[in-house]
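A.B. asks: The structure that follows is given in the form of structure tokens.
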Amino acid sequence: MKILYANPSIKIKKYKGEITKKINNIINSNNYILGREVESFEKNFSNFIGTKYAVGVANGTDALEISLKAVGIKERDEVITVSHTAVATVAAIKNVGATPVIVDIDKDHLQIDTDEITKAITKKTKAIIAVHLYGQSVDLGTITNICKKNKIRLIEDVSQAHGAIYKNKKLGSIGITGCFSCYPTKNLGAVGDAGVITTNNKKIYNKIKLIREYGWKKKFFSEIDGRNSRLDELQAGILNIKLKHLESENKKRQKIAMLYETKIKNQKIKFLSKRKLSSHVYHLFVVKTKNRSKLINF
């Protein structure tokens, strides 16, 4: 028997009635690009995260790249991020012409090592992309202090931690921007590619909106260089449905994780440490073992 680490079709089937009705309504509306569903999702998501603004985009990689552009990262700037992440994090940095500076992870959480961040800072360092891996926060207290001290922008990559909390604040509300992928396997997943950016900064919010659609404030008049990274109505509609159930789905993940931690009694398997000031939404339940191949086969 295979134990799947993700099975998005189960959630689709679970909410199939709501989703089918929503899709039919969107088709009949004759409004498919940046319409009511996107506006509604942006409002609902910003309320959920606790930010003033949210902008729907085509995918999580675009969320990172557009954020970097919106906060002013340009060619030859350096952006610090972690070695243990998806290629998207580094691709976004390179796509804006900046230089990715890769630092290692700590051994307890497998997340960015804050001591290594300090060593990596130079005069060219303009931003840090902190990746909240597996479902819990990085050491945000230390990282925010480093950013303030060095006047560096903090961008949160929250693609594996939708709904997780650090010090009573949702992840994605602490940095200058929060970047989310809503790829189908995520805790909040669409049925295709989708992404969203959160921020409390009005100026950056307005710039993100311009970059998302060709630099347009008025249709067909480009005020800045932009691109096409629109979240479509169908995906936004499905995300609106699934967002309503995200808290309960995360609680279910936490319950299962607690069961694993209670019932798995094996000295050859070690659990990752949990941060005291962070909730964990268990995008993945990760263990460490020296016998990886044997465990996978078992």
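A.B. asks: Can you tell me which residue among SER67, SER46 is crowded, with 20+ Cβ neighbours inside 10 Å and more than 21 Å from VAL131 (Cβ to Cβ)?
C.D. replies: Answer to the check: SER46.
A.B. asks: Being within 18 Å of LEU188 (Cα to Cα), in contact (Cβ under 8 Å) with a residue 60 or more places away in the chain and polar (S, T, N, Q) narrows it down to one of ASN44, ASN25, so name that one.
C.D. replies: ASN44
A.B. asks: Do you know which residues across the stretch 88-143 are touching an Asp or Glu at 6+ places or on another chain (Cβ under 8 Å), surrounded by fewer than 20 Cβ atoms within 10 Å (Cβ to Cβ) and closer than 16 Å to TYR166 by Cα?
C.D. replies: Residues satisfying the conditions do not exist here.
A.B. asks: Still on this structure, please answer the following. Mind listing whichever residues of the stretch 255-271 are out of contact with any helix residue (DSSP H, G or I) (no Cβ under 9 Å at 6 or more places or on another chain) and not in a loop (DSSP other than H, G, I, E, B)?
C.D. replies: Answer for the stretch 255-271, where residues must be out of contact with any helix residue (DSSP H, G or I) (no Cβ under 9 Å at 6 or more places or on another chain) and not in a loop (DSSP other than H, G, I, E, B): LYS255, ILE256, ALA257, MET258, LEU259, TYR260, GLU261, THR262, LYS263, LYS270.
A.B. asks: Considering only residues that are of a type in the set (D, E, K, R), within 30 Å of LYS167 (Cβ to Cβ) and open to solvent by less than 60 Å² (accessible area, probe 1.4 Å), which ones fall in the stretch 11-43?
C.D. replies: LYS11, GLU42
A.B. asks: Could you please let me know if VAL191 is of a type outside the set (Phe, Trp, Tyr) and farther than 22 Å from ILE155 by Cβ?
C.D. replies: Answer is yes for this residue.
A.B. asks: Let me ask something additional. Sort through LYS294, LYS290, LYS217, LYS274 and tell me the only one that's outside any helix (DSSP H, G or I), farther than 30 Å from ARG153 by Cα and open to solvent by 50 Å² or more (accessible area, probe 1.4 Å).
C.D. replies: It is LYS290.
A.B. asks: Let me ask you something else. Looking only at the stretch 76-106, filter to residues that are at pLDDT 95 or above and charged (D, E, K, R); which one of those is farthest from ILE208 (Cα to Cα)?
C.D. replies: Filtering the stretch 76-106 for residues that are at pLDDT 95 or above and charged (D, E, K, R), the one farthest from ILE208 (Cα to Cα) comes out as ASP106.
A.B. asks: Here's something else I'd like to know. How about the stretch 1-38: which of its residues are part of a loop (DSSP other than H, G, I, E, B), touching a Leu at 6+ places or on another chain (Cβ under 9 Å) and not hydrophobic (A, V, I, L, M, F, W, C)?
C.D. replies: Of everything in the stretch 1-38, those that are part of a loop (DSSP other than H, G, I, E, B), touching a Leu at 6+ places or on another chain (Cβ under 9 Å) and not hydrophobic (A, V, I, L, M, F, W, C) turn out to be TYR5, TYR32.
A.B. asks: Another question, then. If only one of LYS242, LYS252 is modelled with pLDDT of 95 or more, surrounded by fewer than 13 Cβ atoms within 10 Å (Cβ to Cβ) and part of a helix (DSSP H, G or I), which one is it?
C.D. replies: Every option except LYS252 fails the conditions.
A.B. asks: All but one of (1) touching a Ser or Thr at 6+ places or on another chain (Cβ under 9 Å); (2) open to solvent by 30 Å² or more (accessible area, probe 1.4 Å) hold for SER181, so report the exception by its number.
C.D. replies: If we test SER181 against (1) touching a Ser or Thr at 6+ places or on another chain (Cβ under 9 Å); (2) open to solvent by 30 Å² or more (accessible area, probe 1.4 Å), just (2) comes out false.
The values are calculated or read from the model by the stated rules, or taken from the named source; none is laboratory data. This is a predicted model, so every value here is computed, not measured. Counting neighbours? That spans all protein chains shown, and the Cβs are built from the backbone with ideal geometry, glycine included. All accessible areas refer to the heavy atoms of the entire protein, side chains included, with ligands and DNA or RNA removed. Shrake-Rupley method; radii C 1.70, N 1.55, O 1.52, S 1.80 Å.
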